[in-house]
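Only one structure is covered here, and it is reproduced in the block below.
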Amino acid sequence: MLAFLLVAVLVACAGPGGWASAKEASGSGKTENGQLAASKASAPVHAAKTSASSAASFVGTHGQLSIQNGKLTDASGNPVQLKGMSSHGIQWFGDYVNKESMKWLRDDWGLNVFRVAMYTESDGYISNPSLKNKVKEAVDAAIELGVYVIVDWHILSDGDPNTHKTQSKAFFKEMAQTYGDTPNIIYEIANEPNGNVNWNNQIKPYAEELIATIRAEDPDNPIIVGTGTWSQDIHDAAASPLTDENVLYAVHFYAGTHGAWLRDRIDAAMAQGLAVFVSEWGTSDASGNGGPFLTEAKQWTDFMANRGISWANWSLADKQEASAALAPGASFTGGWTQAQLSASGKFVREQMLAGSGNTGGTTPVVQVPTQVKGLTATAGNAKVALKWNATTGADSYIVKRAEGGGTYTILKKGITQASFTDATAVNGKTYRYKVGAVNTKGAGTDSTEVTAKPVSSSTTPPVTPPSTGSGNLKLLYRILDDNASDNALRPVFNIRNTGSNAVDLKNVKVRYYYTNEGGVSQNYFCDWAQIGASNVKAAFGKTSGSPTGATDYVELSFTAGTIPANGETGEIQSRIHKSDWSNYDETDDYSYKAGQMQFGEWDRAVVYVNDAVAYGIEP
């Protein structure tokens, strides 16, 4: 109690920036300028859903999570413990939040959950809403990698979660609409309520509104709710729990500050039926620095393991503080040696690997071969010659083929060379190909798709004459959502220039053809673009003649940028909704390709340069 009064005095004396001192004195050392602060002195702190990941992934194995009898359980009703990392604030250390680093954490550390910490204030989302694009990048990566992902509304200086409740509801509504049909996502709606707030008066009413907002879009995925005093007052939530059956209650601790008394508080809450998730903890003291206190941290990890409590460690960053997992200057994309890990990082990696079935090492544990790269297809007379790069870990290769817009079937197994000729191709037909690598562990991820159309040697294949200044453009396409009957179109484009001259994007347009059932007005959003989302504009139009599946189109144009010679625009992530949020039926849309979750060339969307077709086939 004396310690708690002391923190009140410290906060009162903080003056300007006092919120940072308050948090740093009682939270995790996460200041807006990345500097260290004073140490904390306060009281211690549906099975029907499927993943885009393979069945061999963690999410593929466990599926939809839910709460049963106060335990986090998988789709089969078995208890599951998630263990993973939390990012630091993505406005400061967002470079570490990417698919490559998350894959390394999965393969080398045994990670099965990743937490994306999106601060609300401190140069966070409220002043910079584009930060949600980094959140989406992480969620998309988690889906591809087959791990779970926590979307964290990281309140801190705004200690009352109601301060930005309107923005919070809009943000989580969008997240639930976008990702609610996957089992990967977990919503954390209030990181660490603090200051003059408590469970009954501020936190619980806020949670009830946010839960209703999320459940209107996503009835199934778990929601984590923060508790008072920087997510330490789990006992208050136990005395008056929320009615939603799929809620987890957050507890945060730092090993150098919080000890047995907080573990006792957790035990008491769990005995009352609460499901607990330690969505943030550190090996340091509560400032984020000091220590690391590894003996005390081991008491905590043993405690959580014995009770099956899931956790995410703070933080994936190279900040010069004890709680950071990485040494200064560590790579943004994984591949970290022991020398590139902090003492905390080494400890957390060991705890994550414990019981994961992954023994770790200086390189990732390879379960299956890596993805086949460099696939090319050369059409000939009644044949197509395929070549690709030799693949790490491959014993043999599988070639898959699809005709036109049909489904893939296996054309040939057991290929031991990095090449194959399809001698069964028929002239005049368009074929699509993928190649996968195989070893005793299974099959790796298929290559990106290539297409070819064999022709008779007596027939000159059609050639599209180059337009002045068009370079030699190709359109790469994938989708972010393989649900063909939901309320969003989610095409992603990447324009590749294989020519020797740069192309001015102001002269380029891309048309994507589909049907707007009901003719309702529509809205376009560029969720993220490497060239800058603000440089992407969209206009809706009607197709002359109204061909089947292509009565409508969206045309993208660009206000700035170039595609360099032998370069690309990078990803352009698009999202289209009807104004009434009613559903589309994409099954017969001209430009839609079911299952295209990875980039491949796609001629059903058309690229124009100076209003002339530079790539693709108009409907």
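Can you give the local net charge around ASN191? Use residues other than it whose beta-carbon is closer than 9 angstrom to its beta-carbon, Lys and Arg +1, Asp and Glu -1.
-4
Please compute the alpha carbon radius of gyration of segment 62-219, then divide it by the globular-protein estimate 2.2 N^0.38 Å. Two decimals is fine.
Against the empirical 2.2 N^0.38 Å value, I get 1.03 for segment 62-219.
Taking the Cα-to-Cβ direction at ILE617 and at SER582 and moving 7 Å from each Cα, how far apart do the two end points lie in nm?
The two pseudo-label positions are separated by 3.2 nm.
Spin-label point model (7 Å from Cα, Cβ direction): what's the SER419 to ARG307 distance in nm?
Computed distance between label sites SER419 and ARG307 equals 6.3 nm.
Over all directions, how big on average is the projection of the convex hull of the alpha-carbon atoms in segment 220-270, in square nanometres?
The number I arrive at for segment 220-270 is 3.8 nm².
Find how much the distance from ASN98 to THR295 grows on full extension, using 0.36 nm per residue of separation minus their present alpha carbon separation; answer in nm with one decimal.
Using 0.36 nm per residue and subtracting the Cα-Cα distance, I get 67.8 nm.
So for segment 518-557, Kirkwood radius off the Cα pairs, Stokes-Einstein at 20 °C and 1.002 mPa s: how many µm² s⁻¹?
Stokes-Einstein gives a translational diffusion coefficient of 183 µm²/s.
Quick one: accessible surface of LYS134, probe radius 1.4 Å, all protein chains present, in square angstrom to the nearest 10.
50
How big is D for segment 118-176, in µm² s⁻¹ as a whole number, if Stokes-Einstein is applied with the Kirkwood radius of its Cα pairs at 10 °C and 1.306 mPa s?
Translational D for this selection: 132 µm²/s.
Karplus couplings for segment 529-535 from phi (6.51 cos²θ - 1.76 cosθ + 1.60, θ = phi - 60°), rounded to Hz, Gly and Pro as x?
8, 4, 7, x, 4, 5, 8
Below 26 Å, Cα to Cα, which lysines can LYS165 reach? Residues fewer than 8 away in the same chain don't count.
Candidates past the 8-residue exclusion: LYS23, LYS30, LYS132, LYS134, LYS136, LYS173, LYS204, LYS578.
Find the Rg to Rh ratio for segment 143-256, where Rh is the Kirkwood radius over alpha-carbon pairs and Rg uses the same atoms.
My calculation puts Rg/Rh at 0.96.
Out of these labelled values of Cα extents along the principal axes in Å, (i) 119, 70, 56; (ii) 76, 54, 50; (iii) 92, 52, 44, which was calculated from the coordinates shown here?
Given (i) 119, 70, 56; (ii) 76, 54, 50; (iii) 92, 52, 44, the calculated one carries the label (iii).
Given a Förster distance of 51 Å, report the FRET efficiency between ALA565 and ALA212 from their Cβ-Cβ distance, rounded to the nearest 0.05.
0.45
The values are calculated or read from the model by the stated rules, or taken from the named source; none is laboratory data. Keep in mind it's a predicted model, so treat the numbers as computed, not measured. So basically every Cβ, Gly included, is an ideal-geometry build from the backbone, and we count neighbours across all protein chains shown. Each accessible area value is taken on the protein alone, full model and side chains, heavy atoms only, with ligands, DNA and RNA left out. Shrake-Rupley method; radii C 1.70, N 1.55, O 1.52, S 1.80 Å.
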